[in-house]
Amino acid sequence: MIPIEKYNVSVPRYTSYPPANFFGPTDGASYIEAVKRSNSEGSANISFYLHMPFCHRLCHYCGCNSYVMPRRGDTVRRYAEALHKEIDMVAAHLDKSRPISQIHYGGGSPTAMPAALLRELNEHMLSLFPVIEGCEIAIECHPGYLSHDDWAALAGCGFNRFSIGVQDLNPEVLKAVGRTPSLLPLKEITEMLHGAGAAVNMDFLFGLPHQTPESFADSIRRAIDTRPERLVTFSYGHMPQVFKRQQVLEKHGLPAADAKRRMHDLAAGLLLQAGYKRIGLDHFVLPSDELYTALLHGQLYRNFQGYCSRRTTGDVYAFGVTGISQFDSFYAQNTKDIEEFIGLTLAGEPATKKGYRLTPRQRIAKEVIERLMCNYRIRWQEIADTLGIGTDTLKAAICYDEAMLHEMEDDGLLRLDPDGIRMTEQGHPFVRNVAAALDPLMRETDKQFSKPI
């Protein structure tokens, strides 16, 4: 039995390496130079991310960069105008033969924006570059405000994957966290989107007030009945010192770590029994999903937009406030201020405020941690061959502590062999801990992170 309390400590989620809270000041000129270099340094594919920061209301648990939808409609109009301007600004420096492999809208609640605006943005991006076969065009959706007509309008915008933020199906839980329940039954929404030829993701959060292992399992059972292609069970990360709005949840009380672990285990058991396959840290997919095929072949990848296959992986060019562009050796993040973003972008200036340039050693650590986080395993020679270095050089670039790894093996998190590391099934929820143990940046840091459970 894994000692939960020993490993339920603050560690990064590793949606990037290094994590975003290591970023420091940078400027637009550095970003544009990185964009130019990306034509020859990184992936041949292009992945676009658009951040839509507006929500009808803010949920108490949310740690995203979100803002209440402004009453004045001209702010939304000007924001959309700035997005079009930023797309053209970046596209001017990209090789026009590079294909788009992903477009992803995150937020906030992208579906709070008018469908006509979203369609125009899709048409703009798709007019600039070729597209790979099976290009994923995805949008995160808040089902609390979407009618039949709204879902139909979104399906007509060109989206082929819809990520529905359900979080929980218990009205008491949703009321406590300030989230509006789905306007339509989930089964009805799923059937409608499947009928339009689109795939469906459903996102759930465990660890919220009033949740119990049994009530959360009931929500998962009801979701399984709708048969989404992907179902995600995120562990709620309570960090009120960073996200002040989360403080309100403490008056309701939060489940203890052992109850959260039980929620995870019950949900995972139900999903596996229903034929879903576990992917990465928190995803479950149908066996026909490309992500499962990628996992079987060690070709699963992860970026700020989530898990993807190596086939659909691309350099990420982010548009909008707080958007993070992700290249082979450089990250760049836009300002969090909406008016500043609009003003700078409409004036023809990049709105870049933060970033990070990886050292050669950090690029090695990045490859190791990404492979572990995505595929639950590390093969030293395989990574060394990819990077064109020796295994001794590889291990010297990370915190390779054999005694620490043996301790984790004794605790049931992983298995060691001469070729590498493989997480155990029971150790999957603690893959972040193993990644942090290998991370040189975690030797001495004052950065704040959430806990695995």
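Of the set (1) surrounded by 23 or more Cβ atoms within 10 Å (Cβ to Cβ); (2) outside the structural domain of Ser235 (by TED's automatic domain parsing); (3) under 22 Å from Ile139 (Cα atoms); (4) within 16 Å of the chain's Cα centre (by Cα), all apply to Tyr331 but (3).
The one condition from (1) touching a strand residue (DSSP E or B) at 6+ places or on another chain (Cβ under 7 Å); (2) without any contact (Cβ under 8 Å) to a residue 24 or more places away in the chain; (3) within 25 Å of Lys175 (Cβ to Cβ) that Lys277 does not meet is (3). Residue count for the stretch 239-259 satisfying the condition of being surrounded by fewer than 19 Cβ atoms within 10 Å (Cβ to Cβ), outside any helix (DSSP H, G or I) and not hydrophobic (A, V, I, L, M, F, W, C): 4. Residues that are buried (at least 22 other Cβ atoms within 10 Å of the Cβ) and either among the β-branched types (Val, Ile, Thr) or on the phi > 0 side of the Ramachandran plot (or both) within the stretch 213-232 comprise Ile220, Val232, listed in sequence order.
For residues that are of a type in the set (Gly, Ala, Ser) and at pLDDT 95 or above, scanning just the stretch 12-34, find the one that is surrounded by the most Cβ atoms within 10 Å (Cβ to Cβ). Within the stretch 12-34, the match that is surrounded by the most Cβ atoms within 10 Å (Cβ to Cβ) is Ala34.
Selection of helices (runs of 4 or more DSSP H) fully inside the stretch 73-155 by the criterion of at least 3 residues being within 18 Å of Ile338 (Cβ to Cβ) and of a type in the set (Lys, Arg) returns 73-91.
A single entry from Cys59, Cys55, Cys64 fulfils the requirement of being modelled with pLDDT of 90 or more and closer than 30 Å to Asp265 by Cβ: Cys59. Of all residues in the stretch 166-179, one or more are of a type outside the set (A, V, I, L, M) and assigned to a strand (DSSP E or B). Take the conditions (1) buried (at least 17 other Cβ atoms within 10 Å of the Cβ); (2) assigned to a helix (DSSP H, G or I); (3) out of contact with any helix residue (DSSP H, G or I) (no Cβ under 9 Å at 6 or more places or on another chain); Arg262 misses just one of them, which is (3).
The values are calculated or read from the model by the stated rules, or taken from the named source; none is laboratory data. Only a predicted model underlies this, so the values are computations on that prediction, with no experimental measurement involved. FYI the Cβ positions are ideal-geometry reconstructions off the backbone, even for glycines, and counts take in every protein chain you see.
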